[in-house]
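Derivation of every value follows stated rules applied to the coordinates shown; laboratory data play no part. Note that the structure is a prediction, hence the values are computed from the model and not measured. Virtual Cβ from ideal backbone geometry, glycine too; neighbours counted across all protein chains shown.
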Amino acid sequence: MSKHSEACCKIPPVVSEGYELKGRYIDLCGLKTYVTGPPDASKAILSVYDIFGFFPQTLQGADILATGDTEQSYQVFMPDFFNGNPALMDWYPPVNDEQKAIVGEWFKEAQWSIHKPKIPGLLREAEKTNPNIKAWGIMGYCWGGKMASIIGGDEPGLFKVAVQTSPARIDADEAAQVKIPTMLLASKGEEAEIVKEYEERLTVPKHVERFDDQVHGWMSARADLKNDRVKAAYERSYALALKFFHDYL
């Protein structure tokens, strides 16, 4: 478990519909990138979205990470790895061969091995826009959660801390390789035994928690913020993530 500082973080009011972004879009390494938070912050978070790309719920999450710590500010960068071609919500769940083929074809260009090599260059370019950045954390949603798990094990020195939520394709063997403090927030969509095994294999400071009443993606594109129960879980989850970044970044 982490050494949470309970007084550090205050989640700004969560907007259920019609959210207005606090940040802006810039170009980083040819990728449209959402950036939010103080432009002179000394600490930054790379936010790696889910397969649905720039969704209001995910972008609002980036703003929460940038503004919710009352003691430490973060600048948050969310690159569009999919270049304006995210997966569509209508594709899920694929129920026939045609839909499965569409999803399979899309994933050919969404392999983690294709996009992970872009990350060191993205961090360097971000630091050119803000030379004050001295340390990075990574926040990964679903597809991005898997990215955080992989990069936490084989890219030493890039990130000081990782937070995963509803991570895709959880692999306990990866957990044994992770070298940075890691939080994993799981939904009812991730198999409990696999989450438990991942937690047991982690040898770094950690916080692993299941939200058994929440769907996969409740902190990002699938968050139905009009539902009070989902909104409460969304708020609590971001508070947990902020405290973890506060303690280890």
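Of the GluC sites (Glu not before Pro) found in the stretch 184-249, the ones in coil according to DSSP and having at most 14 other Cβ atoms within 10 Å of their Cβ are E191.
Of the trypsin sites (Lys or Arg not before Pro) found in the stretch 21-123, the ones in coil according to DSSP and having at most 14 other Cβ atoms within 10 Å of their Cβ are K108.
By DSSP, the beta bridges lying fully in the chain are antiparallel in about 30 percent of cases.
Need one word for the stretch 120-243: rounded, prolate or oblate. Basis is the Cα gyration tensor (sqrt eigenvalues a ≥ b ≥ c); a/c below 1.5 gives rounded, then a/b vs b/c decides. Oblate.
When the charge dipole of the chain is built from unit charges on Cβ atoms (+1 for Lys and Arg, -1 for Asp and Glu) and taken about the Cα centre, the candidate among S220, S113, I45 whose Cα reaches farthest toward its positive end is I45. Counting other Cβ atoms within 10 Å as a rough exposure proxy, the listed residues W218, W91 run W91, W218 from fewest neighbours to most. Over all directions, the projected convex hull of the C-alpha atoms in the chain averages 12.5 nm² in area. Legend: ranking of residues K196, K134 from fewest to most surrounding C-beta atoms inside 10 Å; resulting order K134, K196. You can think of it this way: the chain between D97 and E71 has 4.2 nm of extra reach, that is 0.36 nm per residue less the Cα-Cα gap.
Stretching K128 away from D212 to a fully extended chain increases their span by 26.1 nm, per 0.36 nm per residue minus the current alpha-carbon distance. Separation of the alpha carbons by more than 25 angstrom is noted, of K22/K43; K32/K118; K22/K196; K10/K231; K10/K116; K22/K179, for K22/K196; K10/K116; K22/K179. Packing around the peptides 174-182, 60-68, 223-231, taken as the average count of other Cβ atoms within 10 Å per residue, puts them in this order, highest first: 60-68, 174-182, 223-231.
Taking a ≥ b ≥ c as the square roots of the eigenvalues of the Cα gyration tensor of the stretch 61-123, is the shape rounded (a/c under 1.5), prolate (a/b larger than b/c) or oblate? Oblate, since a/c reaches 1.5 and b/c is not below a/b. Can you give me the Cα centroid spacing of the stretch 172-249 and the stretch 76-127 in angstrom? Using only Cα atoms, the two centres lie 21 Å from each other.
Spin-label point model (7 Å from Cα, Cβ direction): what's the D154 to A110 distance in nm? Calculated label separation equals 2.1 nm. Among K188, K10, the order by Cβ neighbours within 10 angstrom, fewest to most, reads K10, K188. In terms of modelled amide H atoms, which long-range or inter-chain residues lie less than 5 Å from the amide H of K32? Counting only residues 5 or more places away or on other chains, the set is D80.
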